[in-house]
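Okay, so here's the structure we're looking at.
Read-outs: derived from the displayed coordinates by stated rules, not from any lab. As the structure is a computational prediction, the values presented were derived from the model and not from experiment. All Cβ positions, even for glycine, are placed from backbone atoms using ideal geometry, and neighbour counts span all protein chains on display.
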Amino acid sequence: MLRGFFSVFLVWVLLVPVGQGQRSQSEFMGVDSPETTTHIVIPSARNAAAMQIEARNNARRSKLLSDTNKLLALASSFEQEAAKGETLSPKEAAHRAAEIEKLARSVKDGMRY
């Protein structure tokens, strides 16, 4: 291991003076000269991840809001029909109750995250 370290160190010591004062390949080709360099701002990975998280949260909130509005509309119409004394068939009442329950669970699960 010590032998490998010394061989790498020796190569480094020999090559460092060779590389000093030389231009990089892109500068040599005229691509990255200081006069023509433009700085492009690229969002970092953290900013991109934060933007994705924010977009997902906004989508979740809008879905949650629409589901809540649907739930409120279904529950209030079901309650109004029951208050008026309108009779619903047991099959239709069970279907509406199942739909209300499904939306309620969806809203509850959506609120967890």
For K70, counting only lysines whose alpha-carbon sits under 19 Å away and dropping same-chain residues fewer than eight positions off, the answer is K102, K108
In nm, the gap between the two label points placed 7 Å beyond Cα toward Cβ at R60 and L72 is 2.2
Taking only Cα atoms of the stretch 42-113, the Rg to Rh ratio with Kirkwood Rh works out at 1.27
With x for Gly and Pro, the residue-by-residue ³J(HN,Hα) of the stretch 71-83, computed from phi through the Karplus equation 6.51 cos²θ - 1.76 cosθ + 1.60 at θ = phi - 60° and given in whole Hz, is 4, 4, 5, 5, 5, 5, 5, 5, 5, 5, 5, 5, 5
